[in-house]
Amino acid sequence: MNKGSDDRGVLMDLGRERPQVPARARNMSPIVPRASIAGRALVVVVAIMTFLASVTTGVVLLVGASAAEWQSEVASEITIQVRPVTGRDIERDVTAVVNAMRTQPGIVDVRPYTKEESGKLLEPWLGTGLSLDELPVPRMIVAQVSPGTKLDLDGLRSHVTQVAPSASVDDHRAWIDRMRSMTGATVFAGIGILALVILATIISVSFATRGAMAANRPIVEVLHFVGAGDRYIANRFLRHFLRLGFEGGVIGCVAAMLMFGFSESVANWFSGTPVGDQFAALLGTFSLRPSGYLALAAQTILIAAVTAWASRRTLFATLDDID
C-alpha cells in the first residue's frame, strides 16, 4: 500500500512538472502551419508574379510619360522645308518664309537652319565628310507654336507657298498619330500581361489552397465534429493565405522598386553616351514619378486581395466536398 501511495505520488509530481500552456496561447495556435513548404512556395510564386506585374506597370508608365513628352514637343513645332529650285534664290525664299511666319498669330519663335546645319541633318543617313554643295539640300525652318493655339494650317500653307512656291509645311500630325498608336498598343499589351499574371496567381493560389485543405483534412473534420462552421474554418485559412499573399506581394513590389531605382542610377551613369541617349529617347530617364510608386503599392494590395478572394472561393468549394 505504501508502494501504491508512492507511485501515485510520483505520478502526481510528474503531472505538476508538465508545462502548462495558457488558454489564450492555445486559442491563438494556427490551424494551418505558417512555415510549411507549400506556404513558402506560394510566397515565392506571388512574389514573382508581383514583380513581373510591377515591372510591366512601371514600363507602361515610363513609355506613356515619354510618349506624352514627345507629343507635346512635336505638337509645339511646325517645320517648313524650302527646296532649291532653278531660277530662284533659296536664301531670299528662306528669308521671305521666315518673315511670313513671324507675322502669323500663335507663332512665338522662328528659327531658320543654315546650309551647314541642314547638311548635318543628313549625316545619320549619308555619313560625314561628304560634300553637299552639288546636292539639292533643302533648307529647314522650325517655328514654335504657343501652347493651346489652333492654327489655320490651310491658310498658313497658302500664305507660305505664295512667298516661296517650293516651300512645304509639316505639322507632324502623322508622327503624333503614330505615337498615339504606339502608346495605345503598349498600354494594351501591359493590360494583357497584367491579366495573365492575375490569372496565374489565381490558379496558383487555388492549387495551394486545395493542397493545404487536403493536408489538414483530419483537422477540418475534427473541427466539424466539435461544431465549428464552414465560415469559422474558412476564416482561419483565409487569414493564412491573405498573409502569404501580402508577404509575397510586398517582396515582389520592393524588388521592382529597387530595380527601377537601380536602372535610374545606371541611366545617369550612361547619360551622354549613344546607348544612354537611345534609351533615354525611348523610356525617358527611367525615373518613376511618386504616383508611379503609389501605383505599384496599390497593385500589391490588389494582388493580395486577389489571393484572398481566390482562396475564399476555393475554400468553400473544398469544404462542400468534405461535408
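Just so it is clear, none of the values below were taken in a lab; they were calculated from the coordinates. These numbers were taken from a predicted model, which means no experiment stands behind them. Don't worry about glycine lacking a Cβ; one is built from the backbone with ideal geometry, like all the others, and counts go over all protein chains shown.
Amide H contacts for Leu151 (H built 1.01 Å from N in the peptide plane; partners 5 or more residues away or on another chain; cut-off under 5 Å): none found. What the phi angles of segment 88-100 give under the Karplus curve with 6.51, -1.76 and 1.60, with θ = phi - 60°, is a coupling list of 10, 7, 5, 5, 5, 5, 4, 5, 5, 5, 4, 5, 5 Hz, glycine and proline written as x. Looking at Val110, Pro84, Val137, which one has the Cα that reaches farthest to the positive end of the dipole of segment 84-165 (charges on Cβ: Lys, Arg +1; Asp, Glu -1)? Value computed over the given set: Val110. When you count the other C-beta atoms within 10 angstrom of each residue and take the mean per peptide, 201-213, 43-55, 71-83, 143-155 line up highest first as 43-55, 201-213, 71-83, 143-155. Phi-derived couplings, Karplus 6.51 cos²θ - 1.76 cosθ + 1.60 at θ = phi - 60°, listed residue by residue for segment 287-299: 9, 7, 6, x, 5, x, 5, 5, 5, 5, 5, 5, 5 Hz, with x used for Gly and Pro. Using the Cβ-Cβ distance between Leu153 and Trp309 with R0 set to 51 Å, the FRET efficiency works out to roughly 0.45. Short-range pairs are left out: with C-alpha atoms under 8 Å and at least six residues apart, the relative contact order of segment 84-165 is 44 percent.
More than 25 angstrom separation, counting every C-alpha pair in segment 175-278; what % is that? Considering segment 175-278, 54 percent of its Cα-Cα pairs are separated by more than 25 Å.
Within segment 84-165, the proportion of C-alpha pairs whose separation exceeds 20 Å stands at 42%.
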